[in-house]
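Read through the structure below, which is laid out as structure tokens, and then see the notes.
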Amino acid sequence: MSIAVARHYADHLATLQARTATALERGGFDHLVVPSGTLHVQVFDDRDYPYAANPQFKHWLPLTRNPGSWVVATPGERPRLVYLQPRDYWHVVPDAPSGYWVDHFDIVVIRKPEEALQHLPKNASRCAILGEPQSALGQYGAFKPNNPQAVIDYLDYHRAYKTPYEVGMIHEATRRGVRAHRAAERAFRAGASEFGIHLAYCQAAGQDATELPYGNIVALNEHGAVLHYTELGRLPPKPVRSFLIDAGASHGGYACDITRTYAADGNDEFQALVDAVDKVQREDISQRFRAGSDYRQVHLFAHLALANVLRDFGILKASPEAAVATGVSSAFFPHGIGHGIGLQVHDVAGFAASDSGGTIAKPDGHPYLRLTRVLEPGMVVTNEPGVYFIDMLLEELKAKGHGDAVDWARIDAFRPYGGVRIEDELVITDGDPVNLTRDVYAESA
């Protein structure tokens, strides 16, 4: 944890308290109560699923391995943490609360989950309780999450605007992620399998697969055409032509999300395509990430920019404008240009029209865009253009009568490489966007 991030924590907490006061007023409640979540036992088994902290809980403090704990926020009062530290000789017991955040909370330590009831507000009906059903406490689950929509709408909408503390936490996660990405590239160059690259990544990140914010996408050759490929082959293919890795890291409950694509030595034309997509991502698309920009228009511009790349490489025979208008570009770039990021990799309220609810529709023909809001200072979003050679989508292109818009011989030349994706995280400001990912790569060069 950097000293600078810790210094911002008090202001972050003040922001959350102000938002909470308004959200509770909107919903007609007196208290915000947030459980950290519980362990879930697998059906017909005696093993737990990997624990994931409630994002509403870890928004308040950087605890991610503390099931059975609770935060209580009441306007005009210090927030309270009910901290479960069980007596247990089967498992490692959480340490006593410590760190830069503890002085900002009234902390009560409990030994059993049900003891939390003694330290929660007495009247559950006056509480907005945000969490999963399994967190319910009391006889017949009397104290259970109610997740009032008015409260959630307000809090989720404003979560898009990251405090300086949150930007710092994402930056710290990015440092860990970049270190791991560099290790993954070294493993790829050394001839490792997908599984071996994944292990090298986890080792360098210092995080197990369940601690990472999402399952690593480690794709060699044509596997790069599977957008969420997570199979992790145990043996490297022969020959190895290309490598696409989409992998993140976590820090204090916050995520980073980075994608890079590489060509194996001797695959010069694919490397040229990687370089072209990288240049468009850095120079053309990134400059559209400005306050006041409609993210839907940024996405459509990315389609046009990538269509120009496809035309330059002889893959696209139609004009770039016609390719976007007819949906041909979507066969090569089927996902959205990015999404909000923070406590979750795909952060909440990407389509929210306001803090009172409502939805901003996606552009016609672009069902997988994850963000439709206007960009504003404080937002942190990803920029991840891609070009892929996906058999199913190419077959649909022919079936829709657009087969003459592309050069099939050129497509066949690129199919064995799967695809290209480059992804960075950008902080929206009053001026140029801040590229957290590139900045950290430059720091560690």
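Numbers for the structure displayed
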| item | result |
| --- | --- |
| Any hit, segment 100-120, residues being of a type in the set (Gly, Ala, Ser) and open to solvent by 50 Å² or more (accessible area, probe 1.4 Å) | no |
| Residues that are out of contact with any strand residue (DSSP E or B) (no Cβ under 6 Å at 6 or more places or on another chain), of a type in the set (S, T, N, Q) and at pLDDT 95 or above, drawn from segment 135-161 | Asn147, Gln149 |
| Scan of segment 4-55 for residues that are at pLDDT below 95, small (Gly, Ala, Ser) and surrounded by 14 or more Cβ atoms within 10 Å (Cβ to Cβ), ordered by number | Ala6 |
| In segment 307-338, residue nearest to Tyr161 (Cα to Cα) [restricted to those that are in contact with an Asp or Glu (Cβ under 7 Å, 6 or more places away or on another chain) and not aliphatic (A, V, I, L, M)] | Gly338 |
| Every pair of residues 6+ apart whose Cβ atoms lie under 7 Å, when the first sits in segment 159-184 and is on the phi < 0 side of the Ramachandran plot while the second is open to solvent by 30 Å² or more (accessible area, probe 1.4 Å) and among the aromatic types (Phe, Trp, Tyr) | Val178/Tyr441 |
| Selection status of Leu343, in contact with a helix residue (DSSP H, G or I) (Cβ under 6 Å, 6 or more places away or on another chain), farther than 25 Å from Met169 by Cα and of a type outside the set (Phe, Trp, Tyr) | no |
| Pairs with Cβ under 9 Å, 6+ apart, first in segment 279-299 and at positive phi, second modelled with pLDDT of 95 or more | Gly292/Val374; Gly292/Leu375; Gly292/Glu376 |
| All positions within segment 75-89 that are open to solvent by less than 60 Å² (accessible area, probe 1.4 Å) and either in contact (Cβ under 8 Å) with a residue 24 or more places away in the chain or under 24 Å from Gly27 (Cα atoms) (or both) | Pro79, Leu81, Val82, Tyr83, Leu84, Gln85, Pro86 |
| Pairs with Cβ under 9 Å, 6+ apart, first in segment 116-138 and more than 23 Å from His59 (Cβ to Cβ) and of a type outside the set (Ser, Thr, Tyr), second open to solvent by less than 20 Å² (accessible area, probe 1.4 Å) and at pLDDT 95 or above | Gln118/Val82; Gln118/Ile110 |
| Any hit, segment 59-68, residues being β-branched (Val, Ile, Thr), within 23 Å of Lys162 (Cα to Cα), in contact (Cβ under 8 Å) with a residue 24 or more places away in the chain and open to solvent by 30 Å² or more (accessible area, probe 1.4 Å) | yes |
| Unmet criterion (only one of (1) of a type in the set (A, V, I, L, M); (2) closer than 24 Å to Ala445 by Cα; (3) open to solvent by 30 Å² or more (accessible area, probe 1.4 Å)) for Ala209 | (2) |
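The values are calculated or read from the model by the stated rules, or taken from the named source; none is laboratory data. If you're wondering where the values come from, they're calculated on a predicted model, not measured in any experiment. Every residue, glycine among them, receives a Cβ derived from its backbone with ideal geometry; neighbour counts consider all protein chains shown. Calculation scope for accessible area: heavy atoms of the full protein, side chains included, ligands and nucleic acids excluded. Shrake-Rupley method; radii C 1.70, N 1.55, O 1.52, S 1.80 Å.
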